[in-house]
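Asker: Before we start, here is the structure in question, set down as C-alpha cells.
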Amino acid sequence: MSVLEVREVKKVYGVQNGDNTTVALDSISFNVEEGDFIGIMGPSGSGKTTLLNILSGIGKPSYGEVYISGKNITSLDKNEMALFRRKHLGFVFQEFNLMDSLTLKENVMLPMILDKRDKEEMEAKSEELMRLFDIDHIGSKYPFNISGGQQQRVAVSRALINDPDIIFADEPTGNLDSKSSNAVMRCIEKMNQERNSTILMVTHDAFAASFCKKIIFIKDGAICMEIVSTGVRKEF
Ligand code: ADP
Ligand code: ADP
C-alpha cells in the first residue's frame, strides 16, 4: 500500500462554469511509497500551494481523491480531518511556527501534549529526537534566542514526534541563509535516511531539491516532468 495516493485530482477556483474560474490543478495523479523523499517544483502560480493544501487536508479537491495510508482523506469532515492530521501527518513550514512562550523542548513535545500522552514517553521521545538533530543542549531555551537553522531543527523534531505516516515540508529553506539551509537539509535527509520517514517537500530551491530521491515538476496545474535521482551528488 502506498503511503500517499493522489488520484486524478482537479481543483477549480471560482464558480463552476462561471466566467472567473481558474483551473489550478488538472488531473494530477502520483503515488508516494514508504521512505520516499519527493520534491515538488514548478514556477509561481503552477499550483504547488493548492496541491500541498489538498494533500494535507487543508483544501478539498473539486474532483478526485487523496488516500493516505489507505484512508480516503477527501471524504473526512473537518473534525475527522483535524484528528487525522494530528495522528498521521507531520509538517515543516517556511515560517517555523514555533510557540514563543514555550521552551524548545516543550515545542518539540507539543503534538504529544495535545494527544495527552504519557509524560515519560514524551520526555524520552523528545530527548531522542533533539539528540539526533543536535539541539538537545538547548532544550530549555526559547525560540527567540536561537538561530533560524536551530529553529527549523526544532520544527523538524516536532514534525517527527508522533511518528507521522508522511511529512509535508513547505519551502523549508525559504527563509534561511545558505549555511542554515544546508544544516536543515542535512536534518531532513537524516530523517529520511535514518528513520525511513516519508517526505513530500515543495521548494523553489535547487539546493534543497537536490536532496530528493524524485522531483515532480508541475506547470499550469499538471505534471510536466519527473526526475529520479541517481543518488550521485557532486558538491564543491
Ligand atoms: P503556486 O503555489 O505554485 O504559486 P498556487 O497553488 O498558489 O500556485 O496557485 C495556482 C493557481 O490558482 C494560480 O493561477 C492562482 O492564481 C490560483 N489561485 C490560488 N489560490 C486561489 C484562490 N483562493 N482563489 C482563486 N484562485 C486561486
Ligand atoms: P506561495 O507559496 O505563498 O504561493 P511562493 O512560494 O510561490 O509563494 O513564492 C512567492 C514568490 O517568491 C513568488 O513570486 C516566487 O517566484 C518567489 N520565490 C520564492 N522563493 C524563490 C526562490 N528560491 N527563487 C526564486 N523565486 C522565489
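The values are calculated or read from the model by the stated rules, or taken from the named source; none is laboratory data. For clarity, every value in this text was computed on a predicted model and none was experimentally measured. Glycine gets a Cβ as well: all are built from the backbone with ideal geometry, and neighbour counts include every protein chain shown.
Asker: So residue 97 fits all but one of (1) within 16 Å of ligand 2 (Cβ to nearest atom); (2) crowded, with 22+ Cβ neighbours inside 10 Å; what number is the exception?
Answerer: (2)
Asker: Further, regarding this structure: Select from the range 201-220 the residues that are within 13 Å of ligand 1 (Cβ to nearest atom) and of a type outside the set (D, E, K, R) and write down the one among them that is nearest to the chain's Cα centre (by Cα).
Answerer: For the range 201-220, the residue satisfying everything is 202.
Asker: Among residues belonging to the range 170-200 that are among the aliphatic types (A, V, I, L, M) and within 16 Å of the chain's Cα centre (by Cα), point out the one that is farthest from ligand 2 (Cβ to nearest atom).
Answerer: My answer is 191.
Asker: Right, next: Across the range 68-122, what is the number of residues that are within 30 Å of residue 145 (Cα to Cα) and touching a helix residue (DSSP H, G or I) at 6+ places or on another chain (Cβ under 8 Å)?
Answerer: 25
Asker: Let me ask something else. Given the conditions (1) crowded, with 18+ Cβ neighbours inside 10 Å; (2) within 29 Å of residue 189 (Cβ to Cβ); (3) within 13 Å of ligand 1 (Cβ to nearest atom), and given that residue 44 satisfies all but one, which numbered condition is not satisfied?
Answerer: With (1) crowded, with 18+ Cβ neighbours inside 10 Å; (2) within 29 Å of residue 189 (Cβ to Cβ); (3) within 13 Å of ligand 1 (Cβ to nearest atom) applied to residue 44, the lone miss is (1).
Asker: May I ask you to say which residue of 214, 141 is over 25 Å from residue 101 (Cα atoms), surrounded by fewer than 22 Cβ atoms within 10 Å (Cβ to Cβ) and not aromatic (Phe, Trp, Tyr)?
Answerer: Exactly one of 214, 141 is over 25 Å from residue 101 (Cα atoms), surrounded by fewer than 22 Cβ atoms within 10 Å (Cβ to Cβ) and not aromatic (Phe, Trp, Tyr), namely 214.
Asker: Restricting attention to the range 73-80, does a residue exist that is more than 12 Å from ligand 1 (Cβ to nearest atom) and within 19 Å of residue 226 (Cα to Cα)?
Answerer: Among the residues of the range 73-80, not one is more than 12 Å from ligand 1 (Cβ to nearest atom) and within 19 Å of residue 226 (Cα to Cα), which makes the answer no.
Asker: Another question, then. Tell me which strands (runs of 3 or more DSSP E) are completely within the range 1-68 and hold 3 or more residues being more than 16 Å from ligand 2 (Cβ to nearest atom) and at pLDDT 95 or above, or say none if there are none.
Answerer: Ranges flagged: 4-13, 22-32, 63-68.
Asker: Hey, can you tell me all the residues within the range 123-138 that are out of contact with any Asp or Glu (no Cβ under 8 Å at 6 or more places or on another chain) and not aromatic (Phe, Trp, Tyr)?
Answerer: Scanning the range 123-138 gives 123, 124, 125, 126, 128, 129, 131, 134, 135, 137, 138.
Asker: Oh, and also: Among the candidates 210, 229, single out the residue that is within 16 Å of ligand 2 (Cβ to nearest atom) and hydroxyl-bearing (Ser, Thr, Tyr).
Answerer: The conditions single out 210.
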